[in-house]
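None of the figures in this text is laboratory data; all of them are computed from the coordinates on show. Remember, it's a predicted structure, so these values are computed and weren't measured experimentally. As a convention, Cβ positions derive from the backbone with ideal geometry for all residues, glycine included, and neighbour counts pool all protein chains shown.
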Amino acid sequence: MKIRANCIPCLLNRTLYETDLVDSSKAMEVVEKACKIIGKYDLKGTCSAEVATEVHDATYKILGTEDPYKTIKNRCNQTALSLLPKAEEFIKTSKDRFKAAVLCSIIGNVLDFGIPSSPESPEKLIEGFDRLLVEGLAVDETDKLKSHLKKGGKILYFSDNCGEIVFDKLLCREIKEFSVHLTFVAKGEPILTDATLEDVKELGVDNVVDQVLTTGCFAVGVDFNNMGENLKKALEKADLIISKGMGNYETFSETEYRPIAHLLRTKCQPVAEDMGLKMNLNVVKVYE
């Protein structure tokens, strides 16, 4: 996805959010550096995630931290774990367990902070979870997704946020019912509220999949130029890619990888517009 005009103030606001998490006295330094980075790009032809990655990298260095979101990520995980029994019961009692698990995993995508549509706190999801279940899937291509889950197939599941991966674990269990080889991909380094290998192991996601890989570097979404060789080979052989969240959409939409299923909530206008959708929808969209 190419960067849009309204991505710029959102990106600056996110750097200020990160600054407030660590050291608000460095706000002007962070904004000045971010503006210099943004200014050097030909914005009309640049992927939004490429600019964001460089801006966040510079922000983290100014703040002297590898993970400004560490505390809030832990709260996301704990919030999701508190909702786990409810999600499991919802899946268990649904006529279509697979679709129910997909919905739960997308609801987890709400746990994203530093953007205008973020909840006030991770714990807010507890009171909003039932409403989001009732809301359901506004764009529902789960049947098309399932058609690519064939016995022996190689599936790559690119995860997104902490907390969210608690619900991803439930969906991965359902995916494994199709007798596929499932690889779960986490971020190579802490960035934003995204899950890393440490989170995957702490929450036991590695116990329900066949393999865990990482993106191999610091990047919003996926940096295809700097990923590890194992992930490159897995992408080449994949029968289906499942991409969670907006950051992964921003980068995968710049590629020809197919078939790919995007599971996300349209939390910002640029991503929603790029997908031809409205904001704040639960979406399963498959590109073949």
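Things to note:
- Sorting the segments 15-22, 154-161 by their residues' average number of neighbouring beta-carbon atoms within 10 angstrom, most packed first, yields 154-161, 15-22.
- Interchain or long-range residues, amide H under 5 Å from Val212's placed H: Phe184
- Packing around the peptides 89-97, 251-259, 141-149, taken as the average count of other Cβ atoms within 10 Å per residue, puts them in this order, highest first: 141-149, 251-259, 89-97.
- Residue among Ile155, Thr255, Ile37 farthest towards the positive dipole end of the chain, charges placed on Cβ: Ile155
- Region 181-228: C-alpha gyration tensor shape, a/c 1.5 cut-off, then a/b vs b/c: oblate
- Each of Cys162, Cys35, Cys10 was scored by other Cβ atoms within 10 Å of its Cβ. Listed from fewest to most, they are Cys35, Cys10, Cys162.
- Working note: Cα atoms of the chain, range along each principal axis, descending, whole Å: 53, 40, 35.
- By the rule of a C-alpha distance below 16 Å, with chain neighbours fewer than 8 residues away ignored, the aspartates and glutamates paired with Lys61 are Glu18, Asp20, Asp23, Glu29, Glu32, Glu189.
- Listed by chain and number, the aspartates and glutamates whose alpha-carbon sits under 15 Å from that of Lys124, ignoring those within fewer than 8 places in the same chain, are Asp112, Glu164.
- Coordinate range of the alpha-carbon atoms in region 7-63 per principal axis, descending: 33, 16, 15 Å.
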